[in-house]
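Inspection log for the structure reproduced underneath, given as structure tokens.
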Amino acid sequence: MDVTELARSLADRYWDRLLELEPMMGTLTGDERYDDRLSDPSETGRAAAESAHRSALKELDTIDRIALGSDLRGTLDILEEIANRNVAEIEMRTDRLKVASNLWGPVQLLADIGSMQRADTPERLERYEARLRAVPAYLAACGEIAKESVDTEVTSPSVVAQRAVGQLERLLALAPEDSPAMIPLRDDGARERIAAVVTDVVNPAYETFLAALRDYVPHATETIGLSALPGGDEIYAAEILAWTTLPLDPREVHDLGNERFDAIQLERREIAERLGFTSADEAIADRRAQGENSFATRAALVELAEEQVQRSWDAAPAFFSRLPSANCEVRPVEEFREADMPFAFYNPPTEDGSRRGVYYVNAFDLESRDLHHLASVTYHEANPGHHFQMTIDQERVERPRLRRFGGEFAGSAFCEGWGLYSERLADEMGLYLDDWERLGMLEAQAHRASRLITDTGIHALGWSREAAIAKVEEGGTSHSDAVIEVDRYIAVPAQALCYMIGMIEIEKARAAARAREGSAFSLREFHDRLLELGQLPLPALRRELG
């Protein structure tokens, strides 16, 4: 077997093993083979996962990557990043911090299953029911981790644990027929069948897990940063590397955030003056007072997002040669979880196209949502942002699935950097209708710069929650969103660094290409090349761009 065949075999086998270990990854991408099961968070499951990742790394060491073409070389970069990330998290037992989280933890499981899995045939319904019946074992293992977390005094911050408890209480307050488990069901017989499973199996398991979380809360930390925990600095360093794919110094990231934040504030002031005000805050306050900066109804929010998605789709061919095969869908965030979720997020389509990419918008606390913020969010999450980047990556069917779908699990700096870059690009594309929407874009940019400041402030420099909220608000974010965002940074250390770090990397690559190619530089070709490479770890992206 030559080196190309060895690399392809390793990539394919590793991807299959990943989906066995994390079946929801398969559901997210449309691979239904493991839709009847959940991951195993227990000690046995962790040992199996560690063995799989270490074995893949050992085999990777035997392959001469220099001899490979770009596609396979990048594929193995992704493999290495995912495996190293997982081994580090298992060694450091970061599961003890994630088990009592309101984001991406056990509390979100039912919503994730309901929003992603299909149950529209007898076979799919069987797999769906089997997965729901696996919830008790999964939650029992999570409950054991919660007890370990308390015993070792490595617990989540109180604000995070309390949010998890509140979200789970709201979930259990729903009638079975209103459970997120019912989302994929259309047939009355199927709904009755799954409602019975929710009543008899799922909800009792969640009641037990809720009791475990309530026992956990008194032991949760009053501090909010990793640096306050035993080994916290090492955990934060590992999380920075895992999310950004770069070994960044927290202090340097903090300083970079301040530099970017101050520059963006100058841009905000210039636009405010163009609108006839002395500051951006004054401009927005006046617009709110005039009643021109809010959504009348939840439906109005969704409708405007749909208009922006279509407008950006229509403008894209002038800036991209290759577009996704289909536009994305807009949905509101479900009410039971909207209080703890960000303003917007995106779920990619399935491989076979049976589920389109979905752009979620959040109507929670609608009166506090500023209308002028929505445009930049749409262009980040939908077009030309995540929908373009993720879908184009997935539709390159000649590549290994690990390359097409695995980049999302190998750090998020390119993905989120592209989303943030797309907010600026949208202005070049003529998508912002006025200076108010441009001001919204700059507030979003300031928000991402403030993330560099606040995330490092919280987890490395001893910042308080109040100081972090104030900094995020300073960039133009509403108080309601600032609270949700800061609690997100507390719950998921270093993830918030990806956006600005990744955008700066793309900006540098664009500037270098322009300098290198001079008058021959084509922005359209640059975008095509960047999205052709896809979601690589940043060191690999640098190498491939030359």
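For segment 314-338, what are the residues that are among the small types (Gly, Ala, Ser) and over 18 Å from Val377 (Cβ atoms)? Within segment 314-338, Ala318, Ser321, Ser325, Ala326 qualify.
When segment 338-354 is limited to residues that are of a type outside the set (A, V, I, L, M, F, W, C), part of a loop (DSSP other than H, G, I, E, B) and buried (at least 21 other Cβ atoms within 10 Å of the Cβ), the one that is farthest from the chain's Cα centre (by Cα) turns out to be Pro349. When segment 61-72 is filtered for residues that are outside any helix (DSSP H, G or I) and either without any contact (Cβ under 8 Å) to a residue 24 or more places away in the chain or more than 17 Å from Glu532 (Cβ to Cβ) (or both), the ones remaining, listed by number, are Asp61, Thr62, Ile63, Asp64.
Annotation: Ala446 fulfils all but one of (1) over 26 Å from His527 (Cβ atoms); (2) in contact with a Lys or Arg (Cβ under 8 Å, 6 or more places away or on another chain); the unmet one is (1). Here Ile484 fulfils each of the conditions (1) touching a helix residue (DSSP H, G or I) at 6+ places or on another chain (Cβ under 6 Å); (2) closer than 29 Å to Val154 by Cα; (3) β-branched (Val, Ile, Thr) apart from (1). Applying the set (1) within 21 Å of Arg396 (Cβ to Cβ); (2) outside any loop (DSSP other than H, G, I, E, B); (3) under 26 Å from the mean Cα position of the chain (by Cα); (4) of a type outside the set (A, V, I, L, M) to Pro324 leaves exactly one unmet item: (2).
Of the listed requirements (1) surrounded by 21 or more Cβ atoms within 10 Å (Cβ to Cβ); (2) in contact with a Gly (Cβ under 9 Å, 6 or more places away or on another chain), Asp77 misses just one: (2). Taking segment 370-406 as the range and being small (Gly, Ala, Ser) and in contact with a Cys (Cβ under 7 Å, 6 or more places away or on another chain) as the test, only Ala382 passes.
For segment 11-20, indicate whether the set of residues that are surrounded by fewer than 19 Cβ atoms within 10 Å (Cβ to Cβ), farther than 27 Å from Met92 by Cβ and modelled with pLDDT of 95 or more is non-empty. Scanning segment 11-20, I find at least one residue that is surrounded by fewer than 19 Cβ atoms within 10 Å (Cβ to Cβ), farther than 27 Å from Met92 by Cβ and modelled with pLDDT of 95 or more, so the answer is yes. In this structure, Thr75 does not qualify as farther than 30 Å from Pro184 by Cα, assigned to a loop (DSSP other than H, G, I, E, B) and of a type in the set (S, T, N, Q).
The values are calculated or read from the model by the stated rules, or taken from the named source; none is laboratory data. The shown structure was predicted, so the numbers you read here are calculated from the model rather than taken from an experiment. Cβ coordinates were reconstructed from backbone atoms using ideal geometry, including for glycine residues, and neighbour counts include every protein chain displayed.
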